[in-house]
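The values are calculated or read from the model by the stated rules, or taken from the named source; none is laboratory data. The structure displayed is predicted, hence computed values, not measured ones. For neighbour counting, all protein chains shown are included, and Cβ atoms are generated from backbone atoms with ideal geometry for every residue, glycine included.
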Amino acid sequence: MLGLVLLVCLAASLVSVGYPMYVIRPFRAQGAQELAAALVVSRYRGMVTILSAILALTALAAYWRPELRKSGRIFAAVGAGLVCVLAVAARINVFELMFHPNGHAMFADAAKSKLDGGEKVIAVVINGQARAYPIRDGLPSPHQ
């Protein structure tokens, strides 16, 4: 019975972490219903994974004493450990890590910029201050 509890906790944690990551991937077409479901799962995944971790550790503690086989204890400990790792992983924004945000953005005058004359930029004016952000698509510039 306790082994089943561990398996259910592991499955719930895997779905809570994995499903939103699978559906909300950049450059992947998403249906409205699957995106809505992924957003609901991601909203509650923190709570689900913490509850699963608590339940898995409680089940491991209850399973440990009566289980005499070393292999049974190892599988139970690995399962509970995975549930705890998934509880931590649920709090990491994977997409932010994938796109490597620039934490130290710098600004320069247009005359001092290293942009080609024909390079595309996005221009933004907020409260009278203008900024231009280069659009880099990874392709070589036609001026090179």
Fill in: Among (1) surrounded by 14 or more Cβ atoms within 10 Å (Cβ to Cβ); (2) under 27 Å from the mean Cα position of the chain (by Cα); (3) at pLDDT below 85, the one test that HIS104 misses
(1)
Worksheet item: Taking the condition at pLDDT 70 or above, part of a loop (DSSP other than H, G, I, E, B) and surrounded by 11 or more Cβ atoms within 10 Å (Cβ to Cβ), does LEU115 pass?
Response: yes
Practice prompt. For the range 31-47, state whether one or more residues are outside any helix (DSSP H, G or I), farther than 15 Å from LEU82 by Cβ, more than 18 Å from the chain's Cα centre (by Cα) and not β-branched (Val, Ile, Thr).
Written response: yes
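Yes/no matrix, rows are residues, columns are (1) among the aromatic types (Phe, Trp, Tyr); (2) crowded, with 18+ Cβ neighbours inside 10 Å; (3) touching a Pro at 6+ places or on another chain (Cβ under 6 Å):
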{"residue": "LEU2", "(1), (2), (3)": "no, no, no"}
{"residue": "SER13", "(1), (2), (3)": "no, yes, no"}
{"residue": "PRO20", "(1), (2), (3)": "no, yes, no"}
{"residue": "PHE27", "(1), (2), (3)": "yes, no, no"}
{"residue": "GLU34", "(1), (2), (3)": "no, no, no"}
{"residue": "VAL40", "(1), (2), (3)": "no, no, no"}
{"residue": "ARG43", "(1), (2), (3)": "no, no, no"}
{"residue": "ILE50", "(1), (2), (3)": "no, no, no"}
Response to the item:
The residue that is surrounded by the most Cβ atoms within 10 Å (Cβ to Cβ), considering only those in the range 118-133 that are among the β-branched types (Val, Ile, Thr) and at pLDDT below 85, is VAL121
Worksheet item: Condition test on LEU60, is it outside any loop (DSSP other than H, G, I, E, B) and exposed (fewer than 14 other Cβ atoms within 10 Å of the Cβ)?
Response: no
